[in-house]
1. Can you find a residue that is acidic (D, E) and within 30 Å of T23 (Cβ to Cβ) anywhere in the range 247-254?
2. Quick check on the range 2-52: of everything there that is open to solvent by less than 10 Å² (accessible area, probe 1.4 Å) and outside any strand (DSSP E or B), which residue is farthest from E201 (Cα to Cα)?
3. Looking at P109 and the list (1) more than 27 Å from I42 (Cβ to Cβ); (2) over 17 Å from the mean Cα position of the chain (by Cα); (3) surrounded by fewer than 21 Cβ atoms within 10 Å (Cβ to Cβ), which single condition is not satisfied?
4. Give the range 148-159 a look and list any residue that's open to solvent by 10 Å² or more (accessible area, probe 1.4 Å), within 15 Å of S265 (Cβ to Cβ) and either at pLDDT 95 or above or not in a loop (DSSP other than H, G, I, E, B) (or both), or say none.
5. Within the range 128-137, is even one residue crowded, with 22+ Cβ neighbours inside 10 Å, small (G, A, S) and more than 17 Å from L211 (Cα to Cα)?
6. Please go through the range 138-147 and give me each residue that is surrounded by 24 or more Cβ atoms within 10 Å (Cβ to Cβ) and either over 30 Å from A243 (Cβ atoms) or over 14 Å from the mean Cα position of the chain (by Cα) (or both), ordered by number.
7. Just one of R112, R138 is of a type in the set (K, R), part of a strand (DSSP E or B) and within 19 Å of I7 (Cα to Cα); which is it?
Amino acid sequence: METTLEIAGITIRLTVPFTYERTKEFAPFHCTMESEAPDLDIIYQPVDQPLFYEGEPAGTDFYFPGALEKDGHSYLGYHMDRKPCHAWMETDGRKMFCYYLSGWERYFPTERQIFGPVCLEHLLSLHHGFILHSSFIRWKGKGIVFTAPSGTGKSTQADLWVKHEGAELLNGDRTAIRCVDGEWRAYGLPYAGSSAVYRNESCPLAAIVALRQAPENHVELLSGKTAFLSVYSGLTLHPWDEAFMERILSDLDGLLADIPVYRLSCRPDQDAVDTLKRKIGKL
């Protein structure tokens, strides 16, 4: 099967030698290429033996710890049932070969499973981007993302903005953030948690709002270490991949220099919306 998708403004041509189910969350991201070549080619190829892995996977993570440099290429291992079954080899930033054990096609029955080993957060890091655990709304043409640990109220605050301010919910659980031609933009993704909102849309990013529950509504502009940790804690990271982390930290520095980060201590009510609006309305 050959499929072309656009995710976070990146065109990806996916070539897989077996059939898999196309699912509703990926449907908005299917596209037709306007140029001869995509930004990235991903090519699945079967192999008879696992590729050079040693040691055990780290904890319950799907990836083997550390990327391996071999023959001038970067490899990352992926496992199922704690057995090495998949690896990708990045050649030049525009082509990726995904090797999987013959007979293990059953582990990749849908587009979601196909993209698991591809490691979308890694692809974004090659294009000055990352994935932030957050709810993403568009308000007056600008993006606002609410980030916090699960259960804190990201979806609640986003829904309040939809209800009281006419904002649009573009994703309820994950946001891609990229710097494109010097502008920070937020993108919807085909991963949206329980919100089931999978919109392939983007807009300029105006603010990041870190949430915490409180008896009274209050908002403050964050800076320095506090701003950094509020965003960093919500990123999808591979701390064992040094090159990946260097790219992420460099881009995060740029993001924090350009985009304000606020702390919203809040209740789940309209006054929380009004309190934040007074602070960021001029953006």
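1. Filtering the range 247-254 down to residues acidic (D, E) leaves 251, 253.
Those left that are additionally within 30 Å of T23 (Cβ to Cβ): 251.
So far as the range 247-254 goes, yes, one or more of its residues are acidic (D, E) and within 30 Å of T23 (Cβ to Cβ).
2. Filtering first and then ranking leaves V16.
3. (1)
4. Listed by number, the residues that qualify are K154, T156.
5. yes
6. Restricting attention to the range 138-147, the residues satisfying the condition of being surrounded by 24 or more Cβ atoms within 10 Å (Cβ to Cβ) are 143-146.
Passing the criteria: G143, I144, F146.
7. Numbers: R112 fails: part of a strand (DSSP E or B).
Going through R112, R138 in turn, just one is of a type in the set (K, R), part of a strand (DSSP E or B) and within 19 Å of I7 (Cα to Cα): R138.
The values are calculated or read from the model by the stated rules, or taken from the named source; none is laboratory data. The shown structure was predicted, so the numbers you read here are calculated from the model rather than taken from an experiment. Cβ atoms come from the backbone with ideal geometry, glycine included; neighbour counts cover every protein chain shown. Just the protein is used for accessible areas: all its heavy atoms, side chains included, with ligands, DNA and RNA removed. Shrake-Rupley method; radii C 1.70, N 1.55, O 1.52, S 1.80 Å.
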